[in-house]
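Novice: The structure is given below, and queries will be raised subsequently.
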Amino acid sequence: MPLSMPSPSLAPTPVLAPPPSLSPTHRAVDSDRRRTSASAILRSVLAHGPVARSTIARLTGLSPASVTDHCNRLTALGLIQEAATLRRSNGVGRPHVPVDLDDSRFVVGGVHVAVPYTTVALLDLRGRVVGERRLNHGEEGPGGSGHQAPPPGPSQVLADAAAGLNALLADAPDRVPLGVGVATGGWVDRDSGTIVEHPLLGWRDVRAREVIHSLTGLPVHVDGHARALVNGERLFGRSAGAGRSVLHLFVGNVVDAAFATHDEVHHGPRSQAGSIAHLPLAGGTERCDCGRTGCLQAELSERTLCRRAREAGVIRTSDPMHILAAAADGDPVAVRLLLHRARMVGRAAGLLLDVLNPDTVVVTEMGAVHREDCLAALREEVGPDRAAAVVPTSFPDSVLAVAGGSVALDVLYRDPLSAPSSAPSGTSSSTPSSRSSGSSPGPI
Ligand SMILES: [Zn+2]
């Protein structure tokens with residue numbers, strides 16, 4: 001699966017007959033057009049399947065002959081199949097055999113590296129999690145002080161992630177992996193497959209694509225988790241197929257954002273777009289490592305929330321889910337801390353709405369995802385005119401797994417015809433190659 005692809009569209013111009021003699025330029029254009037058409041058709045089947053080919057033609061603007069041709073290719077690749085039931089249009093005429101995704105065979109691996117743990121998962125072609133494991137980076141220190149032991153370095157974390165993926169694949173011998181997506185926060189350069197800088201983990205220039213590939217033998221794609229989740233929402237979320245502008249605001253330990261218009265996520269040079277960690281947030285009181293006060297990430301980070309909750313005696317750990325649990329048990333201080341954070345997240349969303357004016361803001365933030373009062377507080381801070389534009393993530397129970405997997409699924413849906421060449425031919429998923437590289441993934 002190639003790394004960078006031209007913009008696909010759900011409604012490409014109809015495919016024209018190829019000219020009689022093809023120059024290299026013509027061939028390139030033809031190849032782009034085929035890829036774009038195949039992408040539009042597979043997206044259409046994902047969104048509407050089971051769906052008749054005639055409906056796909058209408059939805060995509062492609063000719064019926066072109067749709068039939070592409071459906072045959074996608075069927076041969078094992079990505080789609082004819083649906084089991086026959087449908088007749090109006091009960092008369094030729095039966096329309098609908099096609100649907102074949103979600104029984106292929107999976108992608110997903111890796112999400114958070115500060116305290118890594119999530120590894122397998123996702124099917126519908127973006128559904130079919131297997132998941134959480135790999136902790138270290139035990140919490142003694143006495144419940146909330147301080148954690150120094151986290152393992154990137155070599156260890158990525159080796160553990162690859163081993164976790166291989167174990168999940170071994171548990172699913174009937175599944176064929178197409179590739180692996182790796183997502184994390186901070187500055188991630190998709191083109192080079194590098195985690196350029198993740199200050200909270202202390203990682204710099206970590207060649208994640210190379211390392212995970214060497215340990216799994218699979219094609220690997222790497223991206224920032226906010227961008228990955230924009231793609232996850234586009235493909236599998238509530239706003240799927242909306243084709244308009246979407247901003248994703250990810251608020252965990254790391255805080256970052258991603259922006260997409262018409263199916264294209266903005267990366268910018270070296271994928272640096274979306275670093276909002278040090279945007280000043282009005283009313284912020286938290287000292288930031290950069291020396292200023294009230295930077296967005298310092299203010300909104302789960303670390304800050306947990307520290308405040310410990311100081312207030314709400315929790316004794318560094319697990320933000322314990323604050324949610326305390327709030328659910330009726331602890332008024334826990335509720336107040338969560339509401340305050342939700343309001344500050346709303347302030348950040350309002351700031352980004354002012355700058356980018358997206359149709360939708362998707363927020364991944366613990367409180368807003370799990371508590372109605374937090375979502376309401378967040379929306380109130382955004383303001384009545386724009387509150388309806390703010391929605392929580394479509395993946396409340398699997399957001400990290402979906403982030404990782406979406407990196408690979410996005411590549412597949414943009415260029416489905418290249419899927420088989422990247423699938424290990426005739427392999428069992430339980431035989432990862434390149435194990436010979438040993439326990440050390442090498443310099444990263
Ligand atoms: Zn700062």
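What follows is calculated from the coordinates using simple rules that are stated; it is not laboratory data. The structure presented is a predicted model; accordingly, all values stated were derived computationally and were not measured. With ideal geometry, Cβ positions are generated from the backbone for all residues, glycine too; neighbour counts draw on all protein chains shown.
Novice: Quick one: length gained pulling residue 244 to residue 117 fully straight, 0.36 nm per residue minus the C-alpha distance?
Specialist: 42.4 nm
Novice: Work out from phi, with θ = phi - 60° and the Karplus expression 6.51 cos²θ - 1.76 cosθ + 1.60, the ³J(HN,Hα) of each residue of segment 320-337, listed in order in whole Hz, and give x for Gly and Pro.
Specialist: x, 5, 5, 5, 4, 5, 4, 5, 5, 7, x, 5, x, 5, 4, 4, 5, 4
Novice: Full extension from residue 266 to residue 63: what is 0.36 nm times the residue separation minus their Cα-Cα distance, to one decimal in nm?
Specialist: Here the answer is 70.0 nm.
Novice: Output wanted: per-residue J couplings in Hz (rounded whole) for segment 99-113, from phi through Karplus 6.51 cos²θ - 1.76 cosθ + 1.60, θ = phi - 60°, x for Gly and Pro.
Specialist: 10, 9, 4, 9, 9, 8, 10, 7, 9, 10, x, x, 10, 10, 9
Novice: For residue 182, list long-range residues whose amide hydrogen, built 1.01 Å from N in the peptide plane, is under 5 Å from its own amide hydrogen.
Specialist: Correct list: 111, 221, 222, 223.
Novice: Each label point is 7 Å from the Cα along the Cα-to-Cβ direction; what then is the distance between the points at residue 397 and residue 317, in nm?
Specialist: 2.0 nm
Novice: What does the extension gain come out to for residue 54 and residue 328, with contour length at 0.36 nm per residue minus their alpha carbon separation?
Specialist: So the extension gain works out to 93.6 nm.
Novice: What are the ³J(HN,Hα) values, in whole Hz, obtained from phi via the Karplus relation 6.51 cos²θ - 1.76 cosθ + 1.60 with θ = phi - 60°, for each residue of segment 306-317 in sequence order, with x given for Gly and Pro?
Specialist: 5, 4, 5, 5, 5, 4, 8, x, 6, 9, 10, 10
Novice: Still on this structure, please answer the following. Quick check: pseudo-label points 7 Å beyond the Cα along Cα→Cβ at residue 83 and residue 356, how many nm apart are they?
Specialist: So the two model labels end up 3.5 nm from each other.
Novice: If Lys and Arg each add +1 and Asp and Glu each add -1, what is the summed charge of the other residues whose beta carbon sits under 10 Å from the beta carbon of residue 260?
Specialist: 0
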